[in-house]
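Quick notes on the structure that follows.
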Amino acid sequence: MPSRMPEFEMPPELPAGEVDDAPDRVDAPDRADASDASDASAAEPQPAPDADRSGSGAARRRLIAGVILAALLVAGGSTAAIVQAVQRQAEDADTAALTELALDYLGAIADGRADDATALVPVEGDAPLLTDAALAAADRTRRFDVAAVELDGDAAAVLVELSGGPGRIERRLAAVRDEGEWRLTTTLAERVVLEQERGVGVLPRLLGVEIGGVGGTLLYPGLYRTEPIDEGLVSVAPSTIRVDGDPATPAESGLPIWQPSEGLIDEARRLALAHGVACQAAASCPAPAGALLGLGDATQLQAADDGAIELDVPLRALAEGSAAPADLWVGVRATARDGGGVDFACTVRQTRVGATATPEAEVPPEWQPCG
């Protein structure tokens, strides 16, 4: 007998909007599982919305602050570098300006342009020999250089080196910034002070100007050759004066080399012999009576304090029958006359017989007309 298939009856359709709450529905456990999962999920603690926003905001603020700090550090480092660069550029510009200024000054002296040098670094007081003519006549410095520049705000020092006629010279020139421009304040013009030759009262001269008198005479570095001088009684030979431009070291110069003017000694010797003969005849001096008088060899001379020239002229007195001649020294004093010419006066200084002085050997210098 054929088998029969079981018969199934489909459940009736529910009206729209109604839910089947039958507990035996196949999908009921799925809803329970979902409900449990939902309940478990709801039971877990969740971060508060405000707390989450606060934490992330602080983090963002820290990040921004770090970025700003880093930017400030970078900006600060860049600013310091810029400032240093500007300072270096300013120092380089000042060094270049001072170097050029010093080289212009040294070059003017080396070229013999005294007027230009004095215009760059003025001097105080009269300067009759700070001229182109005087400097051109000197053996000047020929080589020069700037060794270093030291900056100290608006003040500076320039170390210079010179060599040539007066030798090797190192000087430190001060400088100041005046209204934005640098100028040197240390001059190389040295005030030269020389002593007069005692009694003669003669100083060396250059271009007719006395060097080294009262207060001194300004000269730029160099070797200067003075002029010969004829004062009527004495003449002064040329000499050399070395000037290094440093007031701490006096100018080097020998005392003026002077000698009696030409013809003065010959005239003094002639007058001394005439005076000896006259005083012998008048028996007014210790010249031996009847002795033959003649001129000796060595004439001594010296400058008197009043500018006169005094000469000691030896006379030889050979008496008849005497083996040893007597030496009679006659002093001759020469004084320059106003308006020109020379006045002479004489005296007998001493008498010697051989190596023995007579009692009348020392005679006071009573000056009287010669002869």
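The values are calculated or read from the model by the stated rules, or taken from the named source; none is laboratory data. These numbers come from a predicted model, not from an experiment. Note that we place each Cβ from the backbone using ideal geometry, even for glycine, and neighbour counts take in every protein chain shown. Ligands, DNA and RNA are stripped out before the accessible areas are found, and what is left, the full protein with its side chains, is counted by its heavy atoms. Shrake-Rupley method; radii C 1.70, N 1.55, O 1.52, S 1.80 Å.
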Obtain the nm distance between the two label points defined at Asp266 and Glu227 by a simple spin-label model: each point lies 7 Å from its Cα along the Cα-to-C-beta direction.
2.7 nm
For Ala319, the residues 5 or more places away or on another chain with a placed amide H closer than 5 Å to its own amide H are Leu292, Ala326
Would you mind checking which residues have amide H under 5 Å from Arg349's amide H? H placed 1.01 Å from N; only 5 or more apart, or other chain.
Trp329, Val330, Gly331
On the accessible surface of segment 176-295, probed at 1.4 Å, how many percent belong to carbon and sulfur atoms?
52 percent
Between Asp305 and Asp104, what is 0.36 nm times their sequence separation minus the Cα-Cα distance? Round to one decimal in nm.
67.6 nm
Just the projected area, averaged over all directions, of the convex hull on the alpha carbon atoms of segment 190-260: how many nm²?
4.4 nm²
Could you order Asp126, Asp92, Asp246 by accessible surface area, starting with the largest, using a probe radius of 1.4 Å?
Asp126, Asp92, Asp246
Give me the net charge of Asp152's neighbourhood, meaning all other residues with Cβ under 12 Å from the Cβ of Asp152; Lys, Arg count +1, Asp, Glu -1.
-3
Any chance you could look up the accessible area of Phe344 with a 1.4 Å probe, heavy atoms only, rounded to 10 Å²?
60 Å²
The ratio Rg/Rh over the Cα atoms of segment 92-141, Rh being the Kirkwood inverse mean 1/r radius, stands at 1.06
Percentage relative contact order, segment 124-267, counting C-alpha pairs under 8 Å, at least six apart
20 percent
Rh (Kirkwood; distinct C-alpha pairs) - segment 225-317, Å:
16.2 Å
Whole-number accessible area per residue in Å² for segment 190-260, which is evaluated in the context of all protein chains at 1.4 Å
47 Å²
Got the relative contact order for segment 190-260 handy, in percent, Cα pairs under 8 Å and 6 or more residues apart?
32 percent
Phi-derived 3J(HN,Hα) across segment 158-165 with the Karplus relation (6.51, -1.76, 1.60, θ = phi - 60°), rounded Hz, x for Gly and Pro, is 10, 8, 10, 10, 9, 8, x, x
What are the residues whose amide H is under 5 Å from the amide H of Leu301, where those residues sit 5 or more places off or on another chain and H is modelled from the backbone?
Asp312
Can you run phi through the Karplus equation (6.51, -1.76, 1.60; θ = phi - 60°) for segment 205-222 and list ³J(HN,Hα) in whole Hz, with x for Gly and Pro?
10, 9, 6, x, 9, 5, 10, x, x, 4, x, x, 10, 6, 9, 7, x, x
Compute, for Arg316, the solvent-accessible surface of its heavy atoms (probe 1.4 Å) with the complete set of protein chains present, and express it in square angstrom to the nearest 10.
110 Å²
